[in-house]
Structure formats: C-alpha cells, structure tokens
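Quick notes on the structure that follows.
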Amino acid sequence: MAISLSGIKPTGKLTLGNYIGALRNFKAMQEDYENFIFIADLHALTLPIDPIELKTNTLDIVAFYLAAGLDPEKTTIFLQSDVSEHSELNSIIQNYLYMGELSRMTQFKDKSRKLNDSAIGLGLFAYPALMCADIILYNADIVPVGEDQKQHVELCRNLVHRFNTRYGKEIFKMPEPVIPKVGARIMSLSDPTKKMSKSDPKGDIFLKDDLNIIRKKIMSAVTDTGNEILFDKENKPGISNLLTIYSALKNKTIEESVQEFSNLHQYGEFKKMVANAVLDELGPFQTRYKEIISNRKYINEVLEKGAIRAKKIAHKTLIKVKKTVGLYVHE
Ligand code: TYM
C-alpha cells in the first residue's frame with residue numbers, strides 16, 4: 001500500500017483554510033493509503049509561543065483530526081515530539097541542504113521579514129530540513145498539503161534526489177505533494193488578496209468560532225463592486241474566494257458553482273448560501289470536536305498507540321540512513 005503523510009503545526013487557531021486545504025483531505029487518504037498524520041509540535045517552536053497555548057493547540061489538533069473522521073485504527077496519529085527519530089534524522093539531513101536554497105523559501109522570507117535579524121531563530125531558517133525528515137522517515141509517496149507548503153515538499157524532493165545520487169541507491173522514496181484542485185489557497189475574508197492564516201486573525205474563520213460569528217464573518221466578507229457571481233481572482237478576489245470555499249465544501253468544480261449561481265445577481269443571497277455550506281460542515285464537526293476534547297483519556301490513548309506505531313517505522317529508516325552515511329550501528 002502506498003504511503004500518505006501530512007501534519008499541522010499547533011500555532012494559533014486552526015482556520016477554515018487549514019480545514020479545506022488540508023484537514024478534510026486527510027480522511028480521504030486513510031481508505032487508499034497507509035496514512036500517517038501528525039502534529040508538528042517541534043515546528044511550533046520555530047517562532048515564540050506561549051507554553052500553555054502550545055499545549056492547548058496540540059490537544060485541539062488531535063481532537064480536530066478525530067472530529068474530521070480520522071480513524072486511529074486506520075491512520076497513525078502522533079506527536080512529532082514523541083518520535084525522537086524526527087530530530088535525529090533532521091540532524092543528519094540538514095547537512096545535505098544548503099543555506100542558499102533555504103534562504104529562498106517563501107515562508108522563511110515572509111516570517112523573518114516581520115522579525116529583527118537578531119530575533120530570527122535558527123529553527124525558523126532550518127524549518128524545511130525537519131519537515132523533510134518528517135516526510136522521508138515514513139517513506140511517504142504522497143504529501144497532501146495546501147499550496148503554501150508545496151515549496152517545502154519540492155525542496156525535500158531535491159534533497160531526496162541529492163541524497164540518493166550521492167549514495168548511489170534509492171535510500172529515500174521520492175515524495176509527491178498533493179494539492180487540492182479547489183481550495184489549495186483559501187484567502188482572508190477581510191482582505192481576499194491575502195492568505196487566510198492562523199497567525200493573522202483578521203478575516204479568518206476559526207474552526208472553533210461560534211456558528212453565529214462564522215455566519216456574520218461570511219456575510220460581511222469583503223466583496224467587489226458589481227453583482228455577478230463570477231470566478232475572476234484578479235478582478236473579483238472576494239467573490240472568487242467565496243466560490244472556492246463553497247465549491248470545496250460541496251465537492252463541486254468552480255464551473256459547476258458558477259453555473260449554479262448564474263441567475264443570482266445578489267451578493268447577499270450568495271453569501272447566505274456560502275454561510276449555509278460552511279455551517280453545514282462545521283456544525284457537526286464542532287459537535288464531534290467538543291465530545292472528543294473533553295475525553296483526555298481517549299486522546300492520550302490515541303497518541304500513545306500512534307507514537308508506538310510511528311516509532312517502529314521511523315526507527316527502521318533512521319538505522320538505514322545511519323548505515324548509509326557510515327555512522328557505526330552496533331546491533
Ligand atoms: P500549517 O500548520 O501552516 O498548515 C497546515 C496545512 O494547512 C494548509 N493551509 C491552507 N490551505 C489552504 N488555504 C489556506 N489559507 C491555508 N493555510 C494553511 C497548509 O498548506 C498545510 O497543508 N509545515 C507544515 C506542517 C508540517 C508538514 C510536515 C506538512 C510539518 N512537517 C510534513 C506535511 C508534511 C505547516 O506549517 O503547515
């Protein structure tokens with residue numbers, strides 16, 4: 001069975017962007033792939049974060065995974081920090097990634113721009129090395145992510161090629177990023193030219209928001225002049241974003257949704273339909289989340305079992321890499 005792997009970083013509150021671009025797609029993978037889904041908690045340390053917030057966010061993501069339908073019998077759900085092989089492999093492969101390519105990463109440029117030079121942590125710069133370790137430890141064939149993570153997966157592909165070429169064999173499998181056709185980049189509702197992001201609360205729909213607030217946020221989403229529901233990212237970014245959200249949640253193509261709204265010349269009515277689609281999805285999701293988050297024992301069991309399963313595979317890979325590069329393994 002081919003292997004799928006992905007993760008979410010427990011920084012900030014998860015948004016509808018995370019849900020559409022990543023979370024909801026993880027469940028589909030568990031039927032056809034051996035599925036590894038983790039919480040990238042070590043990655044959360046790459047920018048300053050309050051310890052209590054980190055812990056709360058971590059538990060929330062486990063509950064979100066389960067609420068989104070991940071079945072711990074089919075999907076290995078685990079914490080990155082529970083499997084020390086992530087850090088160990090990171091310290092080996094970081095030697096095969098170069099400063100030049102790391103400094104060209106869009107996410108690094110965006111995040112470091114907001115900081116003083118003296119406050120940019122080494123971990124932020126080296127972020128993609130750990131992410132690559134996450135992927136290759138499990139020999140992932142595919143990595144389902146939103147558009148913003150594609151560049152990191154591509155860097156990992158370069159590393160795999162470099163490493164395999166250097167040691168003359170297929171040590172690592174070549175991972176393929178899988179980006180959703182609709183919803184790979186959900187934009188902010190208050191500024192549809194910017195990505196909806198958990199680190200920028202304006203205009204975002206958070207997965208834990210009260211349903212009435214979500215409706216209000218959608219009804220007051222920034223749109224454009226005119227009254228036609230058309231997909232035109234350049235001239236109608238707000239309407240295009242709402243069309244994307246609607247289509248993704250209804251499993252429709254953009255063309256099908258445009259067709260559906262072709263006789264509707266009212267943004268207000270359109271927004272109502274989008275809000276209904278979001279509430280239909282997030283209502284039951286929130287109910288499941290609330291049930292799961294109050295059951296810490298269950299969450300701990302899931303993580304415990306996941307860590308054991310993940311570690312078994314990760315350890316095998318680590319040993320193989322150690323031997324390959326010439327680190328002496330005494331068995
Ligand atoms: P993170 O936590 O920033 O985001 C989690 C996932 O959500 C997607 N996403 C979006 N998709 C559509 N529209 C948006 N507005 C939007 N915002 C976020 C992201 O693309 C991502 O898929 N580096 C990763 C975590 C990670 C990882 C990995 C992922 C660590 N190691 C290995 C895959 C494989 C991250 O910070 O994602």
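Look at the range 303-323: where a residue is in a helix (DSSP H, G or I) and a partner is loosely packed, with under 15 Cβ neighbours inside 10 Å, sitting 6+ places away or on another chain with Cβ atoms under 6 Å, you get ILE319/VAL329; LYS322/VAL329; LYS323/VAL329.
Considered as a group, the residues in the range 261-278 that are within 15 Å of THR223 (Cα to Cα) and among the aromatic types (Phe, Trp, Tyr) include one that is surrounded by the most Cβ atoms within 10 Å (Cβ to Cβ), and that residue is PHE270. Filtering the range 223-234 for residues that are within 11 Å of the ligand (Cβ to nearest atom), surrounded by 23 or more Cβ atoms within 10 Å (Cβ to Cβ) and not polar (S, T, N, Q) leaves an empty set. Is it true that ALA140 is near the ligand (Cβ under 8 Å from one of its atoms), in contact (Cβ under 8 Å) with a residue 24 or more places away in the chain and either more than 24 Å from VAL83 (Cα to Cα) or assigned by TED's automatic domain parsing to the domain that holds GLY21 (or both)? So ALA140 passes the test.
Per-residue answers, yes or no, for (1) in a helix (DSSP H, G or I); (2) under 20 Å from ASN251 (Cα atoms); (3) within 10 Å of the ligand (Cβ to nearest atom):
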{"site": "LEU5", "(1), (2), (3)": "no, no, yes"}
{"site": "PRO10", "(1), (2), (3)": "no, no, yes"}
{"site": "GLN30", "(1), (2), (3)": "yes, yes, no"}
{"site": "PHE38", "(1), (2), (3)": "no, no, yes"}
{"site": "LEU45", "(1), (2), (3)": "yes, no, no"}
{"site": "LYS55", "(1), (2), (3)": "yes, no, no"}
{"site": "LEU59", "(1), (2), (3)": "yes, no, no"}
{"site": "GLU73", "(1), (2), (3)": "no, no, no"}
{"site": "SER87", "(1), (2), (3)": "yes, no, no"}
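When you check LYS173 against the structure, is it away from the ligand (no atom under 13 Å from the Cβ), surrounded by fewer than 16 Cβ atoms within 10 Å (Cβ to Cβ) and either at pLDDT below 95 or in a loop (DSSP other than H, G, I, E, B) (or both), yes or no? Criteria not met by LYS173. Contact map, the range 45-58: residues that are in the same structural domain as ILE120 (by TED's automatic domain parsing) paired with residues that are in a helix (DSSP H, G or I), Cβ distance under 6 Å, separation 6+ or inter-chain. Pairs shown: THR46/GLY123; THR46/LEU124; THR46/TYR127; LEU54/ALA44.
Yes/no matrix, rows are residues, columns are (1) at pLDDT below 95; (2) in the same structural domain as GLN30 (by TED's automatic domain parsing); (3) more than 23 Å from LYS27 (Cα to Cα):
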position: ARG113; (1), (2), (3): yes, yes, yes
position: GLY121; (1), (2), (3): yes, yes, yes
position: ILE136; (1), (2), (3): no, yes, no
position: GLN149; (1), (2), (3): no, yes, no
position: LEU155; (1), (2), (3): no, yes, yes
position: VAL178; (1), (2), (3): no, yes, no
position: SER190; (1), (2), (3): yes, no, yes
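For GLY238, indicate whether it is touching a residue at least 40 places away in the same chain (Cβ under 8 Å), among the small types (Gly, Ala, Ser) and surrounded by fewer than 14 Cβ atoms within 10 Å (Cβ to Cβ). The answer is no for GLY238. Within the range 9-47, the set of residues being surrounded by fewer than 23 Cβ atoms within 10 Å (Cβ to Cβ) and among the β-branched types (Val, Ile, Thr) comprises THR11, THR46.
The values are calculated or read from the model by the stated rules, or taken from the named source; none is laboratory data. Quantities reported herein were computed from a predicted structural model and do not represent experimental measurements. As a convention, Cβ positions derive from the backbone with ideal geometry for all residues, glycine included, and neighbour counts pool all protein chains shown.
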